[in-house]
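Colleague: Here it is, the structure, as structure tokens.
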Amino acid sequence: MSPSGSATAVILLVIGVFCALPPFLSSTWLLVMFLSFVWLIMTANYDVLDGFLGHINLGQGAFFGLGAYVATILLNTQVVQRLGLLVPVVITVAAVLAGAVFAALMAFPLFRLKGLYFAIGTLILIFFLQVLALNITPLTGGSYGLYVPPAFFMGAFVGYYLAFFLALLSVALNFYLSRSALGLAFHCIKEDEDAAASIGLNLMKYKTIAIVISSLPTSAAGVLFALNSGFIDPNIALGVERSLLPALMALLGGTGTVLGPVFGVAIIRIIETVFFHYLRLPVPSMLFFGLTLLAVAIFIPEGLMRSPRINRLLAWQRRAFPERTPA
């Protein structure tokens, strides 16, 4: 079997295992897996801007929170509630469109900034939406938050499969970008914007496409989260960790790689589940994540998938266990 065939077989096996897993999981573990898939969606989407375009986006959580709020607000209106079976489709489409429009509108002012100024500008997005959510009380519930009507609650079992499908879609999108003309255009802009412009690439057009693409699955993930949790407020839907953790997970796994976000999310979620949910360490989680980011910056700044040590280990494995070919 060729290396590509082996990789495809492994991927299909992993997907099959995750599809067959829910009946054997408790409600607690279903929730853990659901949240892990949500983080993977956000991290993979974060990497569209950072890994492929070279712009650190600390505002990924803004699209998540916007999607959650749009869906919850619509679910509390009589007009939408009368749509019956069309309700999930309507609120999801509305949330995704709201995220896309917001991303497109923010593209022009944000992409006039560079480097750390761009990162700070994107982080301001989540604070901007927090202020709106706190002050438009009749619409958002303010600091009291909003409840999803009980008729529209989504169980953990259904949420698991929907979040898993959306996570697969997000990773597949990154795979497409790594091998498509669109992804090549992003890479050219990342390497040298002046050179990319000199060969005819419209920088603002491709940057806008990138931020809109990154907003779509993340906004849908916000809808799933709202339906599963049944309640949102500015701290839950628009907390700063919604923007900082995807960056940490992507950096740990390796930005610009298809599987980097997957490994980054898996490592952080395993550590978080063991240390904070089972061992219940008396350490603030954000302090732990900050120390993890510091360790990544010192020891593996290029991320696991780009680490020379990992690459040497894989090369040694290929030499030690060469692919068998038929005589």
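The values are calculated or read from the model by the stated rules, or taken from the named source; none is laboratory data. This one's a predicted model, so the numbers in the text were calculated from it and none came from an experiment. Glycine also receives a Cβ, built like all others from the backbone with ideal geometry; neighbour counts cover every protein chain displayed. For accessibility, only protein heavy atoms count, side chains too; no ligands or nucleic acids. Shrake-Rupley method; radii C 1.70, N 1.55, O 1.52, S 1.80 Å.
Colleague: Can you tell me the dipole magnitude for the chain around its Cα centre, using point charges on the Cβ only (Lys, Arg +1; Asp, Glu -1), in Debye to the nearest 20?
Modeller: That gives the chain a dipole magnitude of about 420 debye.
Colleague: What order do TRP39, TRP29 take when sorted by accessible area (1.4 Å probe), most exposed first?
Modeller: TRP29, TRP39
Colleague: Another question, if that's okay. Suppose only helical runs count, i.e. DSSP H with n ≥ 4. What mean residue ellipticity at 222 nm does that imply for the chain under -39500 (n - 2.57) per run, divided by all residues and rounded to the nearest 500 deg cm²/dmol? Mind showing how you got there, number by number?
Modeller: Working: 16 runs with 237 residues, N = 327.
So the calculated ellipticity at 222 nm is -23500 deg cm²/dmol.
Colleague: Ignoring any ligand, DNA or RNA, what whole percent of the accessible area of the range 14-164 comes from carbon and sulfur when the probe is 1.4 angstrom?
Modeller: Roughly 78 percent of what the probe reaches on the range 14-164 is carbon or sulfur.
Colleague: Please return the longest range in the chain lying between exposed loop sites, taking trypsin sites (Lys or Arg not before Pro), DSSP loop only, at most 16 other beta-carbon atoms within 10 Å, and leaving the sites out.
Modeller: Details: sites that count: ARG82, ARG112, LYS114, ARG179, ARG280, ARG324.
Between exposed loop sites, the widest span is 180-279.
Colleague: Tell me, in nm to one decimal, what length is gained between LEU12 and VAL158 on full extension, where the rule is 0.36 nm per residue of separation less the Cα-Cα distance? Let's see the in-between values first.
Modeller: Working: separation 146, 0.36 × 146 = 52.56 nm, distance 2.10 nm.
Going from the current span to full extension adds 50.5 nm.
Colleague: If you count only protein heavy atoms with a 1.4 Å probe, what accessible area per residue comes out for the chain, rounded to a whole Å²?
Modeller: Ligands and nucleic acids excluded, the figure is 51 Å² per residue.
Colleague: If DNA, RNA and ligands are ignored and the probe is 1.4 Å, what is the ranking of LEU139, LEU105, LEU113 by accessible area, most exposed first?
Modeller: The ordering from most to least exposed comes out as LEU105, LEU139, LEU113.
Colleague: Can you give the net charge of the other residues whose Cβ lies under 10 Å from the Cβ of THR255, counting K and R as +1 and D and E as -1? If you can, show how the numbers build up before the last one.
Modeller: Values: positive: ARG306; negative: ASP47, ASP50, GLU302.
After counting each charged neighbour, the total is -2.
Colleague: Only helices at least 20 Å long along their axis, Cα-based, and averaging -0.5 or more on Kyte-Doolittle count here, so list those DSSP H runs from the chain.
Modeller: 3-20, 27-53, 60-75, 87-110, 116-135, 156-177, 203-229, 285-299
Colleague: Once the other residues with Cβ under 14 Å from the Cβ of LEU129 are scored (Lys, Arg +1; Asp, Glu -1), what is the net sum?
Modeller: Computed value for this residue: 0.
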